[in-house]
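Notes follow the structure.
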Amino acid sequence: MNRLLITFSLLLIAACRPEPKLPEAQEIVDRAIEVSGGELYKTSRISFDFRGYHYVLEPQANNRVLKRIRILETDTITDIKEGGNFKRLVNDSLVTVPDSMAIRYANSINSVHYFAYLPYGLNDPAVNKKLLGEVLVDGKPYYEVQITFDREGGGKDYEDVYIYWFNKETFKPDFLAYSFESDGGGLRFRKAFNERYVGGIRFVDYYNFKSGRELHPSVLDSIYMADKLEILSKIELRNIEVNPGSGS
C-alpha cells in the first residue's frame, strides 16, 4: 500500500511540474550571432568572391562600407554603398549613375553582403523577432523564428517575411525561408552546407529552393521535407578572407 502511495505521489508531482520554458526569440538570435562570430563582425575586414564579383566589407567606427568590384577588360568598376549613399568608380574616377540604377545597384550589394554574414544583421534596429515554436527538420530539433521589418529603417523590401530555423543544440541557423515582393514576388527556402570558419567567423553556402505556390514561408520546411520544392541554384562564396581588428 505504501509503495502504491509513493508511486502515485511521484506521478502527481511529475504531472504538476511546469514545462521547460522556451528561450525568447531575442536570446536565440543573440546566441546565434555569438557562436557565428560575435564582435568579429563589427571589427573585421571581410572579402569574398561571388558570381563574377569581388565583395569587400570595410568596418568603420560608425558605419560599414560595402563594396562590389568587377574587372571588365581594362576597367575596374567599384560600386560602393556607405549608409544610404551609393557611388561608382571606374578606374578610381567617380562616374554618374542614374538614381534608378543607383538604387538597384545598392540594393543588390546590400543583399549579397546581408546573406553572407547571417545571422549578423538580425539585431538591426528595424528587425522584429517572434518565436513561432519548436519543430523537427530532417529529424533534428529547431527553434523557428519569424523576422519582419519596420517600415522606417527596414529598407526597400521591408514587407518581406523571413523564417529562420536555429538548431536547438548549436543555435546555428541551418535553414531559412523568405517571401519577397520585388520582381513579381516569390518564395525561397535555403539549406546551409559547407560550413567553415574563417578568421573566427562562420560562413556557409546554400542550396536555394523555390516554391511556385503562394504559401507562408513558415510552412516551407514541411514542403522541403516532402521533397516538393524545386532546386533553383547553389549560392557559394569563394576565396573568403577575414582580417580581424581592421575596423577603424
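The table below gives the values:
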quantity: Extension reserve of the residue 107-residue 222 stretch, reckoned as 0.36 nm per residue once the Cα distance is removed; calculated: 38.4 nm
quantity: Helix 99-116 axis, angle to the chain major axis (alpha carbon atoms, nearest 10°); calculated: 40
quantity: Inter-part distance where segment 94-133 and segment 55-72 are each reduced to a Cα centre, Å; calculated: 13
quantity: Pairwise FRET efficiency - residue 99 versus residue 22, Cβ, R0 = 41 Å, nearest 0.05; calculated: 0.35
quantity: Efficiency of FRET between residue 214 and residue 148 - r from beta-carbon atoms, R0 25 angstrom, step 0.05; calculated: 0.90
quantity: For segment 68-81, 3J(HN,Hα) per residue [Karplus equation, 6.51 cos²θ - 1.76 cosθ + 1.60, θ = phi - 60°, Hz, x = Gly/Pro]; calculated: 9, 10, 9, 9, 10, 6, 9, 9, 10, 9, 10, 9, 10, 10
quantity: Protection proxy ranking of 219-228, 28-37 - average other beta-carbon atoms within 10 Å, highest first; calculated: 28-37, 219-228
quantity: Rounded tilt (10° steps) of 2-16 against the dominant C-alpha axis of the chain; calculated: 30
quantity: Cα-projected label distance for residue 49 with residue 243, points at 7 Å along beta-carbon direction, nm; calculated: 1.9
quantity: Computed lengthening from residue 169 to residue 90, 0.36 nm per intervening residue step minus Cα-Cα distance; calculated: 23.7 nm
quantity: Separation of the residue 72 and residue 138 label points, Cα + 7 Å toward Cβ, nm; calculated: 3.9
quantity: Cα long-axis angle, helix 25-36 against the chain (0 to 90 degrees, to the nearest 10); calculated: 60
quantity: Pair-distance profile P(r), taking every C-alpha pair of segment 21-243, with 10 angstrom steps and integer %; calculated: 7, 31, 37, 20, 5, 0, 0
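Values quoted throughout were computed directly from the atomic coordinates according to the rules given, and no laboratory measurement underlies them. All values reported here derive from a predicted model rather than from experimental measurement. When we count neighbours, we look across all protein chains shown, and the Cβ atoms used for this are built from the backbone with ideal geometry, even at glycine.
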